[in-house]
1. Which order, highest average first, do 106-116, 50-60 follow once you tally other Cβ atoms within 10 Å for each residue and take the mean per peptide?
2. Pick out, from PRO135, ALA96, GLY154, the residue whose Cα sits farthest towards the positive end of the charge dipole of the range 84-163, with +1 on the Cβ of Lys and Arg and -1 on the Cβ of Asp and Glu.
3. Report the label-to-label distance for GLU158 and ALA12 in nanometres (one decimal), using points 7 Å from each Cα along the Cα→Cβ vector.
4. Taking the Cα centre as origin and putting +1 on Lys and Arg beta-carbons and -1 on Asp and Glu beta-carbons, what dipole magnitude results for the range 84-163, to the nearest 20 debye?
5. Of VAL28, LEU11, PHE49, which is farthest on the positive side of the dipole of the range 1-77, counting Cα position, with +1 on Lys and Arg Cβ, -1 on Asp and Glu Cβ, and the Cα centre as origin?
6. Can you tell me the dipole magnitude for the range 114-160 around its Cα centre, using point charges on the Cβ only (Lys, Arg +1; Asp, Glu -1), in Debye to the nearest 20?
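Any read-out appearing in this document is the output of simple, stated calculations on the displayed coordinates, not a laboratory observation. Keep in mind that what you see is a predicted model, and the values were worked out from it rather than measured. Don't worry about glycine lacking a Cβ; one is built from the backbone with ideal geometry, like all the others, and counts go over all protein chains shown.
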Amino acid sequence: MLFRRSYPKLLAYAARRLPTDVQAKDAVGETMTRAVAHIGRLRHDGGGFDAWMYGIIRHVVVDAQRAMAKEGPGPVPDVADWRAEPADHTVQREDAAEVRAAFARLSDADQELLELRVVAELSAEEVGSVLGRRPGAVRMAQSRALLRLRALLGEEREGRASA
């Protein structure tokens, strides 16, 4: 039951960090395999089961990214909703492009922190367990990363307006 509950969140995390759905699904499969093989290492202190699973997938994704770096860049996924009305689709696509561009300009550490805290909805304690930080440091880093993202998003919108 825990694995079934974790699968969609882990897949979403991997899909944001890897260029294809196949690679994301493979990463989650590898994560599940490693988790089953090492279930005895799960401790009930720290971040709990979710944090432990994100710690595993984080390593799997990094391994996949290293392998891809040797092969060269791949396609960038498009997150726009294809079911939207044409005008809505255009606006959503532009907004998503601005957010993606601003997000891509953040440091890798800021990107990962925001993915874990905001997108995966892990607590500061769970993220701290994954990243090896104290919960207070995670909250402070999140606040600073969001401020940087907001500033970068403003720059992206200014650039689009002047173009």
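1. The most tightly packed comes first, giving 50-60, 106-116.
2. Checking the options against the dipole of the range 84-163, the answer is PRO135.
3. 3.2 nm
4. Using only the charged Cβ atoms, the result is roughly 420 debye.
5. Of VAL28, LEU11, PHE49, it is PHE49.
6. About 200 debye.
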